[in-house]
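The values are calculated or read from the model by the stated rules, or taken from the named source; none is laboratory data. Please read these numbers as outputs of a predicted model, since none were measured by experiment. With ideal geometry, Cβ positions are generated from the backbone for all residues, glycine too; neighbour counts draw on all protein chains shown. Remember, those area values only see protein heavy atoms, side chains included, never the ligands or the DNA or RNA. Shrake-Rupley method; radii C 1.70, N 1.55, O 1.52, S 1.80 Å.
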Amino acid sequence: MAIIERPTDTPALAGAGAAVTPSSSYGNFRRPVQATGWKSWAFTVDHKKIGIMYGVVAMVFFFVGGIEALLIRAQLAQPNGTILSADKYNQMFTMHATTMVFLFVMPMAAAFANYMMPLQIGARDVAFPRLNALSLWLFVFGGIFINSSWILGGAADGGWFMYAPNSSVPFSPTNGVDFWTLGLLITGVASQVGAINLIVTALNMRAPGMKLMRMPIFTWMALVVQFLLLFSIPVITVALFLLMFQRNFGANFFSVEAGADPLLWQHLFWLFGHPEVYILVLPSFGIISEVLPTFSRKPLFGYPFVVFSGAAIGFVGFGVWAHHMFAAGLGPISVAVFSVATMAIAVPTGVKIINWTLTMWGGKLWFTTAMLFAIGLIVQFTIGGLSGVTHAVAPSDTQQTDTYYIVAHFHYVIFGGAVLGLFAGIYYWWPKVFGKMLSEKIGRWNFWLMIIGMNMTFGPMHILGLQGQPRRMYIWTGDRAGDGFFDLAFWNLVASIGSLVLGIGAFLFLVNVWVSRKNPPAPADPWDARSLEWLTTNPPKEHNFDRIPTVHTLDEFFHRKYEDVGEGDQHDYKQVATGAEVIELEEKYADAHIHLPSPSYWPMVLAISLPIIGYGVIFNTLLIVAGAAIAVLALFGWALEPPTADESEFDPPAPDGDQPSKELAVSV
Ligand code: HEM
Ligand SMILES: [Cu+2]
């Protein structure tokens, strides 16, 4: 196949744009002096490295949260379990949920957004690289801070929504809840800083021609999520400050006996908490909206509908929070309004499921592991959505609330939705990020054991809940009535065995990573993909694109490889170039000047100051002073850091984009 030497970078749309005269193959490349070894990671402001570190740390927390879940299920496998005491059990489910939600799913989504958004919009980095590094280190140190409570007097024990007055000192006398409160305040800053950065990146850093309605769908969903974070994190931040002052400085915001109202906490928590569930699942919706078209060999069906239904979910998601409080005595009018609003949110969700199904309809389906996880999401999330609709009916929710039926529901939507989607993304973009393929054989075992395991674990919980098993009880007893109705033994055993199968399935992913580390380099375009991130090498060069691409259409990468020779709306795509050829073409027309931000250690220094202040609030005021001093020092260091290193420090670039050898500089 001859390479089409096009004057412009518009393969399919022949004739458009002016020729670019290539300067010397690489032109004058202004690259910052990079650190080497561990410093090249610790002080980096490169969105790709930051994305990888988000992902690795989040995956570690996935297994921490998973082990906590296995302990819970081991305790509940038999009646009158003795593995965990009541106190330890309370700590276990609180930390399991907090870890999975705030330290696994959210940061894993941030990993993908950080790595993929600049590549998908044709940019060389995010808008604020040092702020990006700050958000990473705040997440890492915040996560360590929260988990350090296990060895510093005991972890939080009030459940992941930490209702008052149970969260106050008389009922939670250890420091656990303070670690939880202060730790989530720290990770909250990480989310807020990250949201501002990615919103500005998506709106300001797009390559020429990358109009909003040409943006790849994952970037769209990531953008919607950043707005959800922008508006919901401040709400939980206020609530956490009120709780911190109530517990540490004698304030009374939730104490009935002091004339305050515990429902204030519930309203504040769920005003954040319900948008939070979309913050968890929308990135995965975006990921499978990339995966399904690629492995169906068809464009995404109804792209604009998928975009706007995502935005609609995000918007309506702020108007349903009180459906978590149907049994809190809000009164019939509020209950009715929130019941209807909750039913309404099923509509845009349904639109997505129809669009995904129609994307596959009539396609040439290629069942890779990524595709299996994507289809798994559609099936499992729909099951979770259906039980969700039963909650919207307030009278039935009054029966279901606080039982295992609820636990079943949210695991089907969060595990079945968010987690399966994240695994689809891991298998889909692994060759892009690490330049190697994961084993498809192990991948399929990973998928099937996780699917079978999750249905064995969470499926029976629907039955146990309808049988009346309450959630958050550290033991259950045998069938006292002897009429079999309250016999919880069989399904609890199935659920616990299921969690083991699920655990083995998840562990197989680690086996796959290990086994695949020596795989040969991945092909340039392993999946014959569609969107712009694939117009880079695997893994991408430090500067991402040799030249900033000009975008002419949605699925730009696909349309550079295929020409539409069909008539009218009868599309017939004929391949005119391979992915590898299209990528090579970019190198030939490399930009003359490429400028990249320089590494900096100030974001990490600033990030470390917050947990020090946190330990100060719990243990010793002097630490507050020390932490504040470090924060001030870091802010000045950051502000006074010159934007980029002096010219003379740069090494001329090696043709294949190797790292230079000299020490630190600074970044914008
Ligand atoms: C890895 C497999 C998992 C298993 C086996 C599992 C198991 C459980 C169990 C048994 C409970 C109920 C504890 C009780 O109420 O007595 C629970 C609670 C919970 N889980 Fe999971 N879970 C898993 C994954 C996840 C994931 C991925 C998430 C979210 C991203 C999650 C979020 C939650 C939440 C929010 C709670 C409620 C905790 C509370 O009541 O405060 N779980 N989990
Ligand atoms: Cu909700």
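Structure notes:
- Order of exposure, largest accessible area first, which applies to 406, 144 with probe 1.4 Å: 144, 406
- Whole-percent carbon and sulfur share, accessible surface of the chain, 1.4 Å: 71 percent
- If you take the alpha carbon atoms of the chain and fit the smallest convex hull around them, that volume is 159 Å³ per residue.
- In this simple spin-label model, placing a label point 7 Å from the Cα along the Cα-to-Cβ direction at both residue 507 and residue 365 gives a separation of 3.1 nm.
- For the stretch 44-522, with +1 on Lys and Arg beta carbons and -1 on Asp and Glu, the positive-most of 122, 200, 470 along the dipole: 122
- Solvent exposure ordering (accessible area, 1.4 Å, most first) of 267, 47, 595: 595, 267, 47
- Under 5 Å between amide hydrogens, built in the peptide plane, is the criterion, and for residue 403 it picks out 471 among residues at least 5 positions away or on other chains.
- For residue 562, solvent-accessible area (1.4 Å; no DNA, RNA or ligand), Å²: 30 Å²
- Long pairs among 48/561; 352/432; 432/518, criterion Cα-Cα beyond 24 Å: 48/561; 352/432
- Efficiency of FRET from Cβ geometry, residue 580 and residue 264, R₀ 60 Å, rounded to 0.05: 0.50
- Within the assembled protein chains, the solvent-accessible surface assigned to residue 297 is about 90 Å², based on a 1.4 Å probe.
- Counting DSSP beta bridges with both ends in the chain, the antiparallel % (nearest 5): 65 percent
- Solvent exposure, largest accessible area first (probe 1.4 Å, DNA, RNA and ligands not counted), of 232, 85: 85, 232
- With contributions of -39500 (n - 2.57) from each DSSP H run of at least four residues, the per-residue ellipticity at 222 nm computed over the chain stands at -19500 deg cm²/dmol.
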